[in-house]
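Let me begin by presenting the structure, written as structure tokens, before commenting on it.
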Amino acid sequence: MRERQASRSARRAREFEAFVAGAAGRLLHAATLLTAEAPDDNPRARHLLTLALAHTYAHWDRLRGEDPYDRARRHLVDRFARASWHRYGGFGRARPRGAGALARLAPQERLVLVLRLYEGVAEEPTAALLGLSADRVRAVCDRAAATLLHPPRGPAAAGPKAAVP
């Protein structure tokens with residue numbers, strides 16, 4: 001009995017290690033985009049990834065045909081959404097100071113944009129995952145993309161070079 005349990009545990013560990021080897025880089029990149037941190041300095045993203053992978057490993061035997069990547073991504077998204085809600089007092093209100101390309105966006109906008117454009121999740125599953133309507137997901141994604149493609153103009157947005165007479 002112990003041999004069977006030991007071999008099952010070893011198989012589980014090998015399967016999970018193979019999953020992490022294949023998926024951790026993409027999940028870390030998604031977490032880095034969500035947290036709007038610089039790719040080389042991303043402690044919050046690494047923490048989110050660690051929590052998501054630990055949760056996935058804890059439920060590994062219960063996946064039964066479910067994609068472990070989807071499970072890990074779902075947990076990553078849930079943790080980010082909850083942390084953003086508590087940290088900024090509301091899901092779409094404050095914008096953190098970050099060095100990443102998505103730092104100008106609110107947490108909800110980043111979340112929708114990363115799920116829809118980076119991860120390629122359709123509107124309906126994104127809406128179900130976030131508890132929003134598909135129309136709301138579409139509107140948030142459009143607004144976030146417009147913010148990134150057409151940054152605000154003016155002296156505050158232009159930076160120090162705008163002060164040249």
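The values are calculated or read from the model by the stated rules, or taken from the named source; none is laboratory data. Model, not experiment: these values are computed from the prediction. Neighbour counts are summed over all protein chains in view; Cβ atoms, including those assigned to glycine, are modelled from backbone coordinates with ideal geometry. Surface accessibility is based on the protein's heavy atoms, side chains included, excluding ligands, DNA and RNA. Shrake-Rupley method; radii C 1.70, N 1.55, O 1.52, S 1.80 Å.
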Which residue is surrounded by the fewest Cβ atoms within 10 Å (Cβ to Cβ), if the candidates are limited to segment 1-57 and must be hydrophobic (A, V, I, L, M, F, W, C) and in a loop (DSSP other than H, G, I, E, B)? M1
Quick one: would you say L76 is within 23 Å of L130 (Cα to Cα), of a type in the set (A, V, I, L, M, F, W, C) and crowded, with 17+ Cβ neighbours inside 10 Å? yes
Just checking, does segment 63-71 include any residue being open to solvent by less than 40 Å² (accessible area, probe 1.4 Å), farther than 23 Å from F19 by Cβ, at pLDDT 95 or above and not polar (S, T, N, Q)? no
Condition (residue is modelled with pLDDT under 90 and more than 11 Å from T35 (Cα to Cα)) applied to segment 101-124: is it met by at least one residue? yes
Which condition from (1) modelled with pLDDT of 95 or more; (2) of a type in the set (G, A, S); (3) within 19 Å of L129 (Cβ to Cβ) is the one that S84 breaks? (1)
What number of residues within segment 129-142 satisfy the criterion of being modelled with pLDDT of 95 or more and not β-branched (V, I, T)? 8
Select from segment 30-65 the residues that are in contact (Cβ under 8 Å) with a residue 40 or more places away in the chain, closer than 23 Å to A103 by Cβ and not aliphatic (A, V, I, L, M) and list them in ascending order. T32, T35, E37, P39, D41
So which residues in segment 101-149 are aliphatic (A, V, I, L, M), surrounded by 15 or more Cβ atoms within 10 Å (Cβ to Cβ) and not in a helix (DSSP H, G or I)? L102, A103, L105, A106, V121, L132
